[in-house]
Every structure is written in C-alpha cells, then in structure tokens.
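First comes the structure, then the notes that go with it.
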Amino acid sequence: MAFITEDEFSEALRSFKRSAFRVEAQPAYALSDERADFDRFLAGSPTPPPEMAWYRPWVDQVAQWTRDGKTISRVRVLAEPPTDYQRWLLWGAPWFASIGESIRYMNHSTAHRIGLPLQDWWLLDDERVIVMHFTAEGEVSGKELFTDRESVARYRTLQDLAIENSTTETIAA
C-alpha cells in the first residue's frame, strides 16, 4: 500500500488496459467547477452532461475507452432517500449509459447488510486497487494504491458482491 498523488492516480486511470470498476459510496462530493451546473439542476433547469464544459473531458474519455473495447463500470451506493447530489447523478446516468458506461445502484441499507465497505475505490484490470479517502465535506483527502495479491483478491470479491447485490434500475429519486 502506498499513498499516490493526483497525477499518479490520473495516470493509473488513463493506463488501464481492460476494465475499470468503481464503487461510489459518498452521499455527496465537494463541488468546485460543477457548482453552477448542480445549482441549475436543483433549480429545475439542468444542463445535460455532454454540455458541461468541466465534464466534457470525462465524457469523451469514457466514450473513447468503450470504442477501444475497454469496460468501465460502477456501483453507486445511494442514501435513502438519495441526496440532492445523488439525484443529480441519477438524472445524468442515461447519458453515461449511451456512451458505454455501466452504472448499477444499491441502497445504503443493502451495502450495510452485505458488509460492503462504504468507501470509494477503483479496481483496475483486476490488478490494482485505488482506495479513495474523503473529508466530511466530500473533498478527497488521499488515495491509496494496492497491488498485492491479497488486497486485489479482496476487492475482486467485493466487486462481485457489489454487482450481485445491485441493479441497473435507477432507484427512485
């Protein structure tokens, strides 16, 4: 295990060869560039994700990965009821599905019942795990990289558990 920099994280994400899987468990994330778009969503006039200048690079990157035959997927653990931030993510999900990202959903109570850790993490190519740490305000406070067999095997098992206990159906927002 080693803490990695934001540049090292970006490179790890850019360099996966086959699959990138994420569990998103935070009820909300700190807002910066996206604040205006989030506020428009709350006001009832949301901007579609492909039109969000700050998000466009991610949309383009996901589309390229899927064109290249790579898979990108995630399981979102939702509060009950979903937070405003999670409702925003639910609203935007069809755009991400249209470019090939697979998004599944699970309620917080299900995650708790099955013992899924309520933290964010990535599993890249079934070889590298990046566990993300957050402050109470939803800001990233650190990222840890794990490459040892035991840790990777544990997160592969958690990935299977998350997929098995989630659904592609959006949970009512």
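The values are calculated or read from the model by the stated rules, or taken from the named source; none is laboratory data. Predicted model only: the values in this text are computed from it and were never measured. Here the Cβ is made from the backbone with ideal geometry for all residues, glycine too, and neighbour counts use every protein chain on show. Calculation scope for accessible area: heavy atoms of the full protein, side chains included, ligands and nucleic acids excluded. Shrake-Rupley method; radii C 1.70, N 1.55, O 1.52, S 1.80 Å.
For Ser10, the criteria (1) in a loop (DSSP other than H, G, I, E, B); (2) more than 17 Å from Thr167 (Cα to Cα) hold in every case but one, which is (1). Starting from residues that are in contact with a Ser or Thr (Cβ under 8 Å, 6 or more places away or on another chain) and open to solvent by 70 Å² or more (accessible area, probe 1.4 Å), keep the ones in region 53-95 and report whichever is farthest from Pro27 (Cα to Cα). Top of the filtered list is Thr71. Counting only helices (runs of 4 or more DSSP H) that fall entirely inside region 81-173 and contain at least 3 residues that are at pLDDT below 95, the qualifying elements are 84-98.
Across region 134-149, what is the number of residues that are in contact with a Phe, Trp or Tyr (Cβ under 9 Å, 6 or more places away or on another chain) and open to solvent by 30 Å² or more (accessible area, probe 1.4 Å)?
Just the residues of region 134-149 that are in contact with a Phe, Trp or Tyr (Cβ under 9 Å, 6 or more places away or on another chain), to begin with: 134, 138-146.
Cutting the leftovers down to open to solvent by 30 Å² or more (accessible area, probe 1.4 Å) gives us 134, 139-141, 145-146.
Qualifying residue count, region 134-149: 6.
Of everything in region 24-52 that is open to solvent by less than 30 Å² (accessible area, probe 1.4 Å) and in contact with a Pro (Cβ under 8 Å, 6 or more places away or on another chain), the residue that is nearest to Gly92 (Cα to Cα) is Asp37. Restricted to region 109-132, and to residues that are surrounded by 14 or more Cβ atoms within 10 Å (Cβ to Cβ) and without any contact (Cβ under 8 Å) to a residue 40 or more places away in the chain, which residue is farthest from Ser32 (Cα to Cα)? By that ranking, first place goes to Glu127.
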